[in-house]
Amino acid sequence: MPDPTRSFNRANDQMRPVKLTRDVMKNADGSCLAEFGDTRVLCTATIEEGVPLWRRGAHAGWVTAEYAMLPASTARRTPREQRGRKGRSMEIERLIGRSLRAVTDMALLGDYTVTVDCDVIQADGGTRTASITGAWVALHEALMRAVEADRITRLPLADQVAAVSMGLVDGVPLLDLDYREDSAADVDMNLVVASDGRIVEIQGTGERTSFSRAELDALLDMGEQGIEQLLKLQNDVTGFQA
């Protein structure tokens, strides 16, 4: 049933309107604008020859990520972060990188490094999950162009990967929390899943209270439904085939 108290009058188990728009940046090897309701993240992927020093000699590539929130992305200006600062942003960009590497064949990638930049241009909750979902589209586009240019022999992606948030607000399980819901959540959770159904990562925290195994299972079931929708949207814009 629609809930007028939720943004976009959606049911508790319903996503916000989601839109993934690829090829939005002229100079990026791959790009995607990920929109989850009023949250918008610009994801770009850049492929460069060479790998980090510690990776040399492994005959395998590397995929990494950077994440930032633009100053006007929030209601109150967010100060620009300086390199070496981090905290929350470092935790999120590590999550994005882990998620993308989980579905990338590094041996097929070869001696290349792919950097995926996720810049939040408008934040209304779920910026990390929108980043992961859009980052995969940008990564796919960049790697496809590398294949077409004979830089790599074939697409080094084994699967898709997407992410969604869930939470308990006043004891009620909700899918894809906006900022108002997230800031009031008793339990906050993020789920990252590959298209083969395998879980890449679960982040779950009792912000104001602990939660039961039954509540965890209910949130995961809800999250998997959202992931299915996101994977379909990714496939619609990329035509990916494993």
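The values are calculated or read from the model by the stated rules, or taken from the named source; none is laboratory data. Predicted model, so just to flag it, every value in this text is computed and none were measured. Please note: Cβ atoms are built from the backbone with ideal geometry, for glycine as well, and neighbour counts cover all protein chains shown.
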Residue, nearest to Val120 (Cα to Cα), within segment 1-35, restricted to residues that are assigned to a loop (DSSP other than H, G, I, E, B) and polar (S, T, N, Q): Asn27
Failed item, numbered, when Ala75 is tested on (1) closer than 25 Å to Pro156 by Cα; (2) out of contact with any Gly (no Cβ under 8 Å at 6 or more places or on another chain); (3) hydrophobic (A, V, I, L, M, F, W, C): (1)
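If you check Val187, Val200, Val193, Val161, which single one turns out to be closer than 23 Å to Val41 by Cβ, touching a Phe, Trp or Tyr at 6+ places or on another chain (Cβ under 6 Å), surrounded by 19 or more Cβ atoms within 10 Å (Cβ to Cβ) and of a type in the set (A, V, I, L, M)? Steps first, answer last, please.
Details: Val187 fails: closer than 23 Å to Val41 by Cβ; Val200 fails: touching a Phe, Trp or Tyr at 6+ places or on another chain (Cβ under 6 Å); Val193 fails: touching a Phe, Trp or Tyr at 6+ places or on another chain (Cβ under 6 Å).
Sole residue among the options that is closer than 23 Å to Val41 by Cβ, touching a Phe, Trp or Tyr at 6+ places or on another chain (Cβ under 6 Å), surrounded by 19 or more Cβ atoms within 10 Å (Cβ to Cβ) and of a type in the set (A, V, I, L, M): Val161.
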Criterion (under 30 Å from Lys26 (Cα atoms) and touching a residue at least 40 places away in the same chain (Cβ under 8 Å)) met by exactly one of Val137, Val200, Val172: Val137
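crowded, with 16+ Cβ neighbours inside 10 Å, under 19 Å from Arg145 (Cβ atoms) and touching a Pro at 6+ places or on another chain (Cβ under 7 Å): does that describe Thr46?
Judged against the criteria, Thr46 is not a match.
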Cβ-Cβ under 6 Å pairs, at least 6 apart or on other chains, segment 95-109 side touching a residue at least 40 places away in the same chain (Cβ under 8 Å) and surrounded by 22 or more Cβ atoms within 10 Å (Cβ to Cβ), far side in a helix (DSSP H, G or I) and β-branched (Val, Ile, Thr): Ser99/Ile132
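Okay, residues lined up against (1) modelled with pLDDT of 95 or more; (2) of a type in the set (A, V, I, L, M); (3) under 13 Å from the mean Cα position of the chain (by Cα); (4) closer than 23 Å to Ser89 by Cα:
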{"residue": "Gly134", "(1), (2), (3), (4)": "yes, no, yes, yes"}
{"residue": "Val137", "(1), (2), (3), (4)": "yes, yes, yes, yes"}
{"residue": "Ala146", "(1), (2), (3), (4)": "yes, yes, no, no"}
{"residue": "Arg151", "(1), (2), (3), (4)": "no, no, no, no"}
{"residue": "Gln160", "(1), (2), (3), (4)": "yes, no, yes, no"}
{"residue": "Ser165", "(1), (2), (3), (4)": "yes, no, yes, yes"}
{"residue": "Asp176", "(1), (2), (3), (4)": "yes, no, yes, yes"}
{"residue": "Arg180", "(1), (2), (3), (4)": "yes, no, no, yes"}
Check on Glu48, over 27 Å from Leu233 (Cβ atoms), modelled with pLDDT of 85 or more and assigned to a strand (DSSP E or B): yes
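Can you say whether Asp38 is over 30 Å from Leu108 (Cα atoms) and touching a strand residue (DSSP E or B) at 6+ places or on another chain (Cβ under 7 Å), as far as the supplied structure shows? Let's see the steps before the verdict.
Working: over 30 Å from Leu108 (Cα atoms): yes; touching a strand residue (DSSP E or B) at 6+ places or on another chain (Cβ under 7 Å): yes.
Taking the combined requirement at face value, the residue satisfies it.
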Residue in segment 55-75 that is modelled with the lowest pLDDT, counting only those that are under 25 Å from Met106 (Cβ atoms), in a loop (DSSP other than H, G, I, E, B) and among the aliphatic types (A, V, I, L, M): Ala58
Qualifying residues in segment 113-154 (those that are in contact with a Phe, Trp or Tyr (Cβ under 9 Å, 6 or more places away or on another chain) and basic (Lys, Arg)) - the one surrounded by the most Cβ atoms within 10 Å (Cβ to Cβ): Arg128
Residue within segment 199-211 that is closer than 24 Å to Met1 by Cα and either not in a strand (DSSP E or B) or not aliphatic (A, V, I, L, M) (or both) present: no
